[in-house]
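Trainee: Right, I'll just put the structure down here and ask away after.
Rule-based calculations on the coordinates, nothing more; no lab input. Just so we're clear, the structure is a prediction, and the values are computed from it rather than from any experiment. With ideal geometry, Cβ positions are generated from the backbone for all residues, glycine too; neighbour counts draw on all protein chains shown.
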2 protein chains.
Amino acid sequence: MASSPTIYRSSTTAPVNIAVVKYWGKRDTVLNLPTNSSLSVTLSQGDLRAHTTATCSESYSPQPDSLVLNGQPEDIQASKRTLACLLSLRSLRAKLESADSSLPKLSSYPLRIASKNNFPTAAGLASSAAGFAALVRAIADLYELPHTPEQLSLIARQGSGSACRSLMGGYVAWRAGIQEDGSDSMAQEVAPASHWPEMRALILVVSAEKKAISSTAGMQVTVKTSDLFKSRVEQTVPKHMTLMEQAIRERDFQLFAEVTMRDSNSFHAVCRDSWPPIDYLNDVSLAACRVVEAINGDGKYYCAYTFDAGPNPVIYYLEGAAAKVEGTLRVLLHHVEGWPPSHAGFTQPLAESGKELTKAERTLAAGISRVICSRVGGAPERTSEHLL
Amino acid sequence: MASSPTIYRSSTTAPVNIAVVKYWGKRDTVLNLPTNSSLSVTLSQGDLRAHTTATCSESYSPQPDSLVLNGQPEDIQASKRTLACLLSLRSLRAKLESADSSLPKLSSYPLRIASKNNFPTAAGLASSAAGFAALVRAIADLYELPHTPEQLSLIARQGSGSACRSLMGGYVAWRAGIQEDGSDSMAQEVAPASHWPEMRALILVVSAEKKAISSTAGMQVTVKTSDLFKSRVEQTVPKHMTLMEQAIRERDFQLFAEVTMRDSNSFHAVCRDSWPPIDYLNDVSLAACRVVEAINGDGKYYCAYTFDAGPNPVIYYLEGAAAKVEGTLRVLLHHVEGWPPSHAGFTQPLAESGKELTKAERTLAAGISRVICSRVGGAPERTSEHLL
C-alpha cells in the first residue's frame with residue numbers, strides 16, 4: 001500500500017502598518033510602483049493581525065490553487081494581484097528545485113491557502129497590507145525560500161503596495177526606487193521595534209459611513225488631476241522622509257509628531273485638490289484634530305494624528321504620555337468598546353474638572369464607535385496554529 | 001457777518017465681490033501686494049452694499065479726521081490701512097490744487113466720514129472690500145479726482161486687497177503685477193455685468209461658529225509654511241485665470257463652474273497644507289459641496305460652489321437654472337430667512353418626490369441660518385442719500 005502524498009504546511013501571522021509618511025500615487029499601476037517613498041510603524045500582532053496557512057500537496061492535483069479568506073472562498077483567477085504573488089513565489093521555489101534535485105517539487109503542486117483577520121472589516125482598516133504580507137510570508141516559509149524580507153517585499157508589493165511594509169517590524173520605509181521594472185522598489189527596516197518600543201497607536205473607529213472612493217481609484221485621480229501633487233512628490237515627501245528617519249533614529253517625538261501630522265495634512269490637501277475632489281475626512285475626523293491640538297496645547301506635542309484613505313483618526317503617542325493622551329480620550333470615549341481594562345495612572349481631566357465639553361469633544365464623542373489600542377510591534381511570525 | 005465755511009459732501013455705495021479665482025497670500029504685507037492674480041464677480045448693490053458719506057470743511061478744524069462705521073466711532077490713527085488710503089487721496093487732491101489755484105484747498109481740511117453696511121456682520125461676509133471701495137470712491141468724488149477706477153484701485157488695494165476689485169462692476173481681475181512698489185497691482189474689468197447678466201449668486205450663511213483664523217493672518221501662515229502653495233501660485237492660478245477669462249468672454253458656464261470649484265478646492269487645500277493647518281470648511285460646508293454635486297449630477301454643471309476664508313458656501317448659477325438650483329435649495333432650506341417672495345417656475349423635487357433626505361441634505365438643512373440671493377451687479381454708485 002503506497003503512502004499517501006505528504007501535505008506541506010506553513011502558517012504565519014502578519015501585522016497591520018499605519019503610515020506616518022503616506023503612500024499616495026502610483027507611477028506604474030501593474031507593478032504597484034509608487035510615485036514617492038513612504039514610512040510606517042508596524043503595529044503589534046497581539047492587537048491586529050492577519051493569520052494565513054499555506055499548504056500544498058501532490059495529492060491536491062488536479063484541483064487548482066484555492067484561497068479561503070475569512071471563511072469565504074475567493075476566486076484567485078480573478079485577482080491579478082494574487083496571481084502575480086503566487087507566480088513570483090513559485091518561480092523562486094522552482095529555481096531552488098532545479099539547483100537541488102533532492103528537493104520535493106512543491107512549485108508544481110496546487111496550493112490551498114486559508115487566511116483570516118482578527119479585526120472586523122467595520123474597523124475600516126486596510127486589511128490588504130497585512131493580508132498580502134501574511135500570504136507571501138506563509139508561502140515563502142512553505143517553500144523554504146532563503147530570501148530576505150527586503151527581497152520578499154518586492155513580491156508583496158505587487159499584491160498591495162503597502163503590504164511590502166508589513167513584512168518587517170518596527171519602523172519601515174518603502175523606498176520608491178527608480179527602476180522601471182520595480183526591482184529597487186522595496187521595504188527596508190529603518191529601526192526595529194526595540195529601538196523605540198514606547199510608541200503607541202490608538203485607532204478611533206468612526207461610526208459606519210458610506211465608503212468613499214477606494215484608495216486605488218482615488219490615488220489615480222490625484223495623479224491625473226492635482227496640480228499640487230507634483231510638489232508633494234518632489235518636495236514635501238523627500239523632506240518628510242529625511243526628517244522622519246531622523247526623528248526615529250534620535251527617538252525625537254516632537255519631530256515625529258509634527259512630521260506625522262503635516263504629512264497627513266499634505267496628503268489630504270492633494271486629495272482635496274483632485275478633481276473631482278476627494279474628501280476622506282469628515283466632521284468627526286476634524287474634531288479629532290482639534291482634540292489632539294487641545295491635548296498638545298501650544299508648547300509640546302504629546303500626540304499626533306494621522307488619517308489614511310478614510311475618516312478614522314490614528315493617534316500616535318509615547319507610553320510616557322499615556323496618562324495624558326489615553327486618559328483624556330478614555331474619559332471622552334468611555335462609552336465605546338475596545339478599551340483595555342482600566343488601570344491606575346490615568347488622569348481624568350474632563351471628569352475631574354466637570355468642565356463643559358467643547359464642540360469638537362462632543363462631535364468626537366458622538367462619532368466614534370470603538371477604539372483599538374495598539375503599539376509598535378514586530379515582523380510576521382511563524383505559528384503552529386494552522387487554519388488548514 | 002461772514003458766511004459760514006462750506007461743507008463739501010459726497011456719498012457712494014459700493015458692492016461686495018466674491019472671488020472665483022482666490023486671492024491668498026501677500027508678497028508685501030505693507031503695500032498689500034498679492035502673490036497671485038485673482039478674479040471676482042461683483043454682486044448687485046441692490047442686495048449687498050457699503051454706503052459711505054465723506055465730508056470735509058475748513059470749519060472742522062482743528063479737529064482731526066473722523067470715521068463712524070455702522071454707528072461706532074473708529075480710531076483712524078490706529079488703522080494704518082485707512083491712513084494710507086487717506087494720505088494717497090489727499091496727495092492726489094493736493095496735486096490738482098497746486099495746478100489750479102482756484103480750487104478750494106480740500107486736501108487741507110479735516111474729513112468726517114460715515115459708513116454703514118446693509119448686511120449683518122453675522123452674515124460672515126468680508127465687509128472690508130466693500131467698505132474700503134466705498135471709502136475711496138466717496139473721497140475721490142468729494143475731491144473731484146479725475147482718476148480712473150483702475151488708478152483708484154491702487155489706493156483701495158492698500159486698504160484691503162480685495163477692495164480693489166469692488167471699484168468695478170461685473171467680472172473683475174486683480175492683476176498681481178510685478179513691480180516692487182505695487183504700481184502695476186491693480187484691478188481691471190474683464191467684462192461688465194451687461195456682458196453676462198444672467199449670473200446669480202446664492203450665499204448660504206452657516207449658523208454662527210467660533211471665528212477661525214483671520215484671512216490676513218491665515219494667508220501669511222500659508223505663505224510661510226505650505227510646500228504646496230508655490231505650485232498654486234506658479235501653476236494653478238495662472239491656468240485658472242486664463243480659463244476663467246475665457247469662460248467669461250465666451251459665457252461658458254461649464255468652464256466657469258469647474259474652474260470656480262477647482263480654484264476654491266485648491267485654495268482650501270493649501271490652507272490644510274499650512275502649519276498649523278487651517279480649516280475654514282466645516283461639515284456644513286462639505287455638505288453643501290455634496291448637495292451641489294447632486295444637483296449637477298454627472299453630465300452637466302448647473303451650479304458651482306466656492307468658499308472664502310470661512311464656512312459659508314456661495315453658489316453661482318445662471319438665471320436659466322434657477323428653477324433647478326434655487327428650487328432645490330429653497331425646498332431644503334425653506335425654514336431659513338432671506339428668500340425672496342416665492343414665484344412660479346420653481347420645481348420642488350424634494351417635496352414632490354417625498355424622498356428621504358441624504359445625510360448631506362440633512363446636515364445642510366440643519367446648519368444654515370439664512371440665505372442671501374444676489375446676482376452680478378455694477379460699479380460703485382454715487383447717491384444723494386447722505387449719512388452726514
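Trainee: Distance check, please: which entries in B:Lys300/B:Lys359; A:Lys239/B:Lys230; A:Lys80/A:Lys230; A:Lys26/B:Lys230; A:Lys26/A:Lys105; A:Lys359/B:Lys80 exceed 25 angstrom between their Cα atoms?
Mentor: Checking Cα-Cα distances, A:Lys80/A:Lys230; A:Lys26/A:Lys105; A:Lys359/B:Lys80 exceed 25 Å.
Trainee: Among A:Ala309, A:Ala217, A:Leu204, whose Cα sits farthest toward the positive end of the charge dipole of segment A:199-375 (+1 at Cβ of Lys/Arg, -1 at Cβ of Asp/Glu, about the Cα centre)?
Mentor: Going by the charge dipole, the pick is A:Ala217.
Trainee: In vacuo Debye scattering of segment B:163-250, one point per C-alpha: log10 I(q)/I(0) at q = 0.26 Å⁻¹?
Mentor: Values returned for q = 0.26 Å⁻¹ are -1.25.
Trainee: Quick check: the angle from helix B:237-249's long axis to the longest principal axis of chain B, C-alpha only, nearest 10 degrees?
Mentor: On a 0 to 90 degree scale, this one is about 90.
Trainee: Sorted from fewest to most neighbouring beta carbons within 10 Å, what does the list B:Leu145, A:Leu48 look like?
Mentor: Fewest to most other Cβ atoms nearby, the residues stand as B:Leu145, A:Leu48.
Trainee: Just to confirm the numbers: B:Thr29, label point 7 angstrom along the Cα-Cβ line, distances to the other copies in nm, shortest first?
Mentor: So the label point of B:Thr29 gives 4.5 nm to the other copies.
Trainee: Got a sec? Which residues in segment B:363-388 would a label at B:Gln63 touch, if it sits 7 Å along Cα→Cβ and we count backbone N under 17 Å?
Mentor: Residues B:387-388 fall inside that zone.
Trainee: Any aspartates and glutamates with Cα under 14 Å of the B:Lys324 Cα? List them, leaving off those in the same chain fewer than 8 positions away.
Mentor: Filter leaves B:Glu293, B:Glu352.
Trainee: As an exercise, identify the trypsin sites (Lys or Arg not before Pro) in segment A:267-338 lying in DSSP coil whose Cβ has no more than 11 other Cβ atoms within 10 Å.
Mentor: A:Lys300
Trainee: Based only on other Cβ atoms within 10 Å, what is the fewest-to-most ordering of A:Phe119, A:Phe253?
Mentor: Exposure proxy ranking, most exposed first: A:Phe119, A:Phe253.
Trainee: Convex hull over the Cα atoms of the protein assembly as shown, averaged projected area in nm²?
Mentor: 42.4
Trainee: Based on alpha-carbon atoms only, what is the radius of gyration of segment B:8-194 relative to the globular estimate 2.2 N^0.38 Å?
Mentor: In units of the 2.2 N^0.38 Å rule of thumb, it is 0.99.
Trainee: For chain B, how big is the tail of P(r) above 40 Å, as a whole percent of Cα pairs?
Mentor: 17
Trainee: Roughly how far apart, in whole Å, are the Cα centres of segment A:6-64 and segment A:108-151?
Mentor: Centre-to-centre (Cα) distance: 4 Å.
Trainee: Please arrange B:Cys303, B:Cys164 by how many other C-beta atoms lie within 10 Å of their C-beta, fewest to most.
Mentor: If I rank by nearby Cβ atoms, fewest first, I get B:Cys303, B:Cys164.
Trainee: Would you kindly work out, in nm and rounded to one decimal, the distances from the label point of B:Ser66 to those of the same position in each other copy, ordered shortest first, with label points 7 Å along Cα-to-Cβ?
Mentor: From this label point to the equivalent ones elsewhere in the assembly: 9.4 nm.
Trainee: Go from 0 up to the bin containing the longest alpha carbon distance in segment B:174-327, width 5 Å each, and give me the % of pairs per bin.
Mentor: Going out from 0 Å in 5 Å bins, segment B:174-327 shows 2, 8, 15, 18, 20, 17, 13, 5, 1, 0 percent.
Trainee: Which net charge results when you count Lys and Arg as +1 and Asp and Glu as -1 among the other residues whose beta-carbon is under 9 Å from that of A:Glu198?
Mentor: Within the 9 Å Cβ shell, the charges total +2.
Trainee: Same structure again: Under 14 Å from the Cβ of A:Lys105, count the other residues' Cβ atoms, weight Lys and Arg +1, Asp and Glu -1, and hand me the total.
Mentor: That works out to -1.
Trainee: Further, regarding this structure: Which longest uninterrupted range of chain B lacks any GluC sites (Glu not before Pro) assigned by DSSP to a loop state (not H, G, I, E or B) and surrounded by at most 15 other Cβ atoms within 10 Å?
Mentor: Answer - B:1-143.
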